[in-house]
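One structure is given here, and the rest of the page talks about it.
The values are calculated or read from the model by the stated rules, or taken from the named source; none is laboratory data. All values derive from a computational prediction rather than experimental measurement. Glycine also receives a Cβ, built like all others from the backbone with ideal geometry; neighbour counts cover every protein chain displayed. Accessible surface is based on the protein model in full, side chains and every heavy atom, while ligands, DNA and RNA are left aside. Shrake-Rupley method; radii C 1.70, N 1.55, O 1.52, S 1.80 Å.
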Amino acid sequence: ENGYNAVFLYLENVVRTSKTEYFDKERTYSKAEIQELVTYSQTLDIQLIPAFENLGHLEKFFEYSELAHLAETQDVSKCGRFFDGTGVKADCGCTSNPDFYEFFDAYISEVCALFPSEYVHMGLDEPFEFAVCDKCISQIAAGKTRVDLFLEHICTISVKWFCVLKCSTLICAFL
């Protein structure tokens, strides 16, 4: 009737979870509010597909001091696109930091549990400050390349998050 049967719901950091109760209530949704959206979309026969970023475009997460340690760049002199002179404004997560995966596994799993969709979208585009922190540079000095680190990340999310999310179709964007 309305011409749509599915909508990607871009979620970056807009859902408060048990791990992110400190997120700004004016800029985020509670799990109950997301559930309302899902329920309403079902009355319209529209499938809501959760869409996340998981490498670049994570700057909204890193605005919170609790998550700043997950950012690729900790040195303000190296910050690029999102540095405004007030502090670290990194947009890329550090794939050499195991805490990065621990946090995002929990966050994405909790949010995806709110959606009955068999799909989940994981964005991988524009990781501007990828592999520039000390942890990544030490891996590169040991013989890995930036491509190696990126491919390891893709393998991690393709296998790990597919299993964690128990979805039948993982959609990834590499732009």
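For this structure, a couple of remarks:
- Above-threshold pairs, the threshold being 27 Å between Cα atoms, out of LYS25/LYS135; LYS31/LYS135; LYS19/LYS135; LYS31/LYS60: LYS25/LYS135; LYS31/LYS135
- A Förster radius of 22 Å, combined with the Cβ-Cβ distance separating LYS31 from THR156, puts the computed FRET efficiency at roughly 0.30.
- For the pair ALA68 and VAL147 in one chain, pulling the backbone fully straight at 0.36 nm per residue adds 26.0 nm over the alpha carbon distance.
- With the whole protein complex present, ARG146 retains an accessible surface near 120 Å², based on a 1.4 Å probe.
- If only the Cβ of Lys and Arg carry +1 and only the Cβ of Asp and Glu carry -1, the dipole of the range 107-146 around its Cα centre is close to 280 debye.
- Projecting label points 7 angstrom from Cα along Cα→Cβ for SER138 and ASP125 puts them 3.4 nm apart.
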